[in-house]
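The values are calculated or read from the model by the stated rules, or taken from the named source; none is laboratory data. Just so you know, these numbers come straight off a predicted model, no measurement behind them. Note that each Cβ is placed from the backbone with ideal geometry, even for glycine, and that neighbours are counted across all protein chains shown. Side chains included, ligands, DNA and RNA excluded: accessible areas come from the protein's heavy atoms. Shrake-Rupley method; radii C 1.70, N 1.55, O 1.52, S 1.80 Å.
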Amino acid sequence: MPLRPARCYTHQDKPPYTRKEYIHGIPPPKITKFVMGNVHIEPEVILKLVAIEKGVVRHNALEAARVISHKYLASTIGDQNYMLIIRTYPHHVLRENKMMAFAGADRLQDGMRLAFGKPIGTAARVEPGTVIVEVRTYAKYIDHGKEALRRAASKLSVKTRIVIEEKGKK
């Protein structure tokens with residue numbers, strides 16, 4: 001079955017579903033690396049992508065944001081001039097009550113009876129002020145860092161803003 005749209009999971013008021021020791025069959029997060037670039041950099045500025053509203057960001061959206069921002073930064077300023085960090089981890093398990101959509105399916109499914117759902121993926125719950133992605137770089141590359149975070153924000157399902165910190169100041 002294809003992936004449901006993000007709007008099905010973006011706003012949830014239910015408690016988080018995170019106790020993985022009791023949940024079987026959870027697919028692993030698609031995020032392959034959480035820290036990219038030069039890990040030994042002495043950054044002059046830290047750019048942060050901060051959530052403005054409460055919401056849920058799926059693991060495939062976090063991976064898409066990571067890929068597009070890493071690709072942009074690597075091609076424009078080079079791998080040695082930045083460090084990209086994904087700061088949120090998808091702990092919340094998403095469930096789906098799968099329904100069949102073919103002729104005669106009404107004899108095979110129960111509708112909403114016992115409709116708890118099976119795990120289909122993971123997501124990160126974000127509150128206002130949560131840092132989702134962080135870029136550490138030199139002051140001369142600040143515009144490229146902003147553009148990378150802008151591109152990453154286009155992949156996320158929550159409204160965000162970019163916060164710039166100079167190293168040594170908070």
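Values for this structure:
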read-out: Residue satisfying condition, being modelled with pLDDT under 90, over 14 Å from the mean Cα position of the chain (by Cα) and among the β-branched types (Val, Ile, Thr), within set 46, 52, 23, 77; value: 23
read-out: Flag if residue 86 is in contact (Cβ under 8 Å) with a residue 60 or more places away in the chain and not acidic (Asp, Glu); value: no
read-out: Among residues of region 2-26, those that are over 20 Å from residue 54 (Cα atoms) and in contact with a Pro (Cβ under 9 Å, 6 or more places away or on another chain), counted; value: 4
read-out: Restricting region 116-170 to residues that are part of a helix (DSSP H, G or I), under 30 Å from residue 12 (Cα atoms) and not small (Gly, Ala, Ser), the residue that is most open to solvent (accessible area, probe 1.4 Å); value: 150
read-out: Answer residue from region 1-11, given it is free of Cβ contacts under 8 Å to residues at least 60 places away in the same chain and open to solvent by less than 80 Å² (accessible area, probe 1.4 Å) and is farthest from residue 72 (Cα to Cα) among those; value: 8
read-out: Matching entry among 110, 79 (being among the charged types (D, E, K, R) and in contact with a helix residue (DSSP H, G or I) (Cβ under 9 Å, 6 or more places away or on another chain)); value: 79
read-out: Residues of region 13-23 satisfying the condition of being touching a strand residue (DSSP E or B) at 6+ places or on another chain (Cβ under 8 Å) and open to solvent by 40 Å² or more (accessible area, probe 1.4 Å); value: 16, 17, 18, 20
